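Visitor: Quick one: the structure is below, and I'll ask about it shortly.
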Amino acid sequence: MSSVINIKSGEIKQSGVTVLQDINIDIQAKEFVYLIGKTGMGKSSLLKTLYGELGLSLGDGKVAGFDLNSLKRKDIPNLRRTIGIVFQDFQLLTDRSVLKNLMFVMGASGWKDKKLMAVRAKEVLQLVGIEGKINAMPFTLSGGEQQRVSIARALLNKPKLILADEPTGNLDPETSEEIMRLLVAVAKEEKAAILMATHDMTMIEKYPGRILRVENKTVKEVNTMNQFDPFSTFKTT
């Protein structure tokens, strides 16, 4: 299996201030990995680095075959075509239908043939179970349905990697569970790796995976839920 994320001795800065350092991460194709940590510890900064919004200040990094060290501004759209991103607040365009939201993203990522675009839009909506909402406006959808559209959008370009930033953060517990089941199933179906930032420990208990924790300006792998207390601090040796 090949790595979809590999960072060695990485460092991330924002406005000249070190946010994370000594980052060593390796995530393989098809893995489901959680990213946990308190708010403001750098989870979002790490995700932003992985999709090219923030640079890697030190170290070596590769994401979905792209070298973060030599990534040019013009390469960022190509990187993002190989990654699906699911946001907490859905980030749908409210002035157009579900279909037109998906068509917009495909147009922006280089698709040209309108017929093929419509076929792919229907495929991904079917995959997430809301093909019946293809002509609905986002504001008529429930939060869970909007997040399903967001996941469908992330799948359009058959990504090797899905980055999910608190995807259940704005949803009630029952809907959160539906979305988690969907993410797990979709990752398996599409053979994509998922890195999911979350605060939701109950989901980690129900859907075990590898866990990376952001704390003390770095990222560490921790044991599975039945072996560790997520609220304890790191033991330093």
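Visitor: Considering only the chain, what is the antiparallel percent among its DSSP beta bridges, to the nearest 5?
Guide: On the way: 20 of 37 bridges.
Here the share of antiparallel DSSP bridges comes out near 55 percent.
Visitor: Turning to a different aspect of this structure: What do the square roots of 5 times the Cα gyration tensor eigenvalues come to for the chain, in whole Å, largest first, as semi-axes of the equivalent ellipsoid?
Guide: Numbers: eigenvalues 175, 94, 45 Å².
So the equivalent ellipsoid measures 30, 22, 15 Å along its semi-axes.
Visitor: A further question follows. Which whole-percent values make up P(r) of region 1-101 when all C-alpha to C-alpha distances are grouped in 10 Å steps starting at zero?
Guide: 13, 43, 32, 10, 1
Visitor: In terms of Cα to Cα distance under 20 Å, which lysines are near enough to Lys115, apart from those fewer than 8 places away along the same chain?
Guide: Partners found: Lys100, Lys133, Lys158.
Visitor: Also, quick follow-up: Non-local amide H neighbours of Ala164 (under 5 Å, H modeled in plane, Pro and chain starts lacking H): which ones?
Guide: Val86, Leu195, Met196, Ala197
Visitor: Note down the magnitude of the dipole of region 76-124 about its Cα centre, charges +1 on Lys and Arg C-beta and -1 on Asp and Glu C-beta and zero elsewhere, to the nearest 20 debye. Intermediate results must be reported in sequence, preceding the final value.
Guide: Details: 9 positive and 4 negative charges, 52 e Å.
Here the size comes out at about 240 debye.
Visitor: I would also like to ask the following. Between Phe139 and Phe104, what is the spin-label point distance in nm, taking each point 7 Å from the Cα along the Cα→C-beta axis?
Guide: Reported label-point gap for Phe139 and Phe104 is 1.4 nm.
No value in this document is a laboratory result; all are computed from the given coordinates. Values in this document were obtained by computation on a predicted structure and should not be read as measured data. A quick note on method: Cβ atoms are made from the backbone with ideal geometry, for glycine too, and the neighbour counts reach across all protein chains shown.
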